[in-house]
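Data block below; observations after.
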Amino acid sequence: MAEQKLLDTSRMMVWSDDPKPDAEDAACMAAARVLALAINTCDVGPMRAVLARDAVFGSQSVAGLFVGKRAVLAYFRDTFEAIRDSGRYPIAEIGRIDGKHRNEPGVIVFQAGALRTFWSPRVDAEGKVEDIFGYTVAPPPWAARGTGERPGFDEESWRQREEPLFGALRRAFAAAEGPIMFRGFALTARMASERLQPVLDRLTAMFPGSGSSISMHDWNDHSRREVILQEGDRYDVSRFPAIAVEKGGTVFRGASEGGFRFDEVAAFVMLLGDSTQDVTPAGIQGRIAAVDEDQRAAGSDRAAESGHGTGRNVR
């Protein structure tokens with residue numbers, strides 16, 4: 001197994017509000033394509049020529065760092081071997097995220113039907129990859145903007161990889177009778193009204209015919225303790241706020257399987273609900289943006305009809 005060392009991660013977390021300089025951005029994008037190719041083929045070969053001798057690999061979901069080219073390659077080699085053994089192959093797409101730098105290039109990685117990580121490579125003066133850092137929490141991977149570019153895939157190979165990831169879930173989702181229900185869970189009334197309700201409103205607007213509910217999990221409310229225990233077990237509620245997705249009495253997304261962000265939950269339902277559309281990260285983000293624009297336009301029309309926001313008083 002690859003050697004893991006616990007080191008100061010400050011080298012990995014140099015934050016800036018400015019975008020990378022053009023030359024560095026282009027070099028990082030080239031490195032991202034190599035990393036995506038390695039992930040999509042589960043082969044460390046493409047990485048050998050681009051990693052610096054003192055390359056470092058780390059992630060927000062890993063306590064330590066892997067230091068040195070040999071250690072980084074060994075980590076990925078072990079990871080790819082485990083993936084091949086499990087048969088749960090990932091999909092990597094080129095994208096951008098506002099992370100260490102604004103609009104920085106990197107790799108969006110799907111695995112097991114969910115978006116797991118955004119890998120961000122950084123290069124040295126010679127264009128070699130000096131570190132690879134994985135965003136899993138902040139910023140969340142769903143904040144990434146996909147480009148649709150998937151190194152190592154043509155359309156046919158993409159479908160062959162995509163079907164095992166989502167096919168079984170899609171068939172079960174399609175067979176489940178009844179509307180989609182978005183189940184929200186909150187600890188306080190303020191959390192419910194300020195953080196959950198706006199997300200649920202957007203979700204029900206995006207998926208016509210769907211419904212939503214919010215359940216309060218205040219353990220101090222003795223009258224609800226039995227309900228809280230039952231819901232916690234059924235919907236996998238272990239953090240707040242949270243949203244579960246249910247259809248036809250089957251829970252397809254537990255409340256603790258991801259965040260409660262609108263784009264993350266919406267993307268999950270899109271991946272399961274309509275395989276005829278573009279379900280790449282870029283396609284998902286495009287559809288979400290289009291729906292948001294339609295909602296803004298509808299809101300402006302309602303405001304104009306009522307006189308609100310127009311500067312006029314309608315009597």
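The values are calculated or read from the model by the stated rules, or taken from the named source; none is laboratory data. What you see is a predicted model; the values in this text were computed from it and never measured. Cβ coordinates were reconstructed from backbone atoms using ideal geometry, including for glycine residues, and neighbour counts include every protein chain displayed. Each accessible area value is taken on the protein alone, full model and side chains, heavy atoms only, with ligands, DNA and RNA left out. Shrake-Rupley method; radii C 1.70, N 1.55, O 1.52, S 1.80 Å.
Would you mind putting 117-123, 85-91 in packing order, based on average other-beta-carbon counts within 10 Å, highest first?
Per-residue Cβ counts within 10 Å, averaged per peptide and sorted highest first, yield 117-123, 85-91.
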Full extension between GLN230 and ASP154 adds, at 0.36 nm per residue less the Cα distance, a length in nm of 22.8 nm
Amide H contacts under 5 Å for THR117, restricted to residues at least 5 apart in sequence or on another chain and with H modeled in the peptide plane, are VAL109
In order over segment 146-151: 3J(HN,Hα) from phi, Karplus 6.51/-1.76/1.60, θ = phi - 60°, whole Hz, x for each Gly or Pro, gives x, 9, x, 8, 10, x
What the Cα atoms of segment 160-269 span along the principal axes, largest first and in whole Å, is 50, 26, 24
Heads up, segment 190-230 by the C-alpha gyration tensor (a ≥ b ≥ c square roots of eigenvalues; a/c under 1.5 rounded, else a/b over b/c prolate, else oblate) looks oblate
Computed from the beta carbon distance with a Förster radius of 45 Å, FRET efficiency for SER193 and VAL62 to the nearest 0.05 stands at 0.80
Sorted by chain and number, the residues with a modelled amide H under 5 Å from that of ILE214, at a separation of 5 or more or across chains, are GLY184
A student asked for the Cα radius of gyration and Dmax of segment 67-158 in angstrom ought to give 13.9, 38
Counting only protein heavy atoms and rolling a 1.4 Å probe, one gets per residue an accessible area for segment 123-226 in Å² of 52 Å²
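Quick one: order GLU231, GLU156 from most to least accessible surface, probe 1.4 Å.
GLU156, GLU231
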Between GLU126 and SER256, the two model label points (7 Å from Cα along the beta-carbon direction) sit apart by a distance in nm of 4.7 nm
Sorted by chain and then number, the residues having a modelled amide H within less than 5 Å of the amide H of ILE180, at least 5 places away or on another chain, are GLY211
Measure of exposure for GLU293: accessible area at 1.4 Å probe, Å² rounded to 10, is 100 Å²
Residue by residue through segment 181-194, the couplings from Karplus 6.51 cos²θ - 1.76 cosθ + 1.60 with θ = phi - 60°, in Hz, x for Gly and Pro, are 10, 9, 9, x, 9, 9, 8, 10, 5, 5, 4, 5, 7, 8
Rounded to the nearest 10 Å², the 1.4 Å probe accessible area of ILE132 is 10 Å²
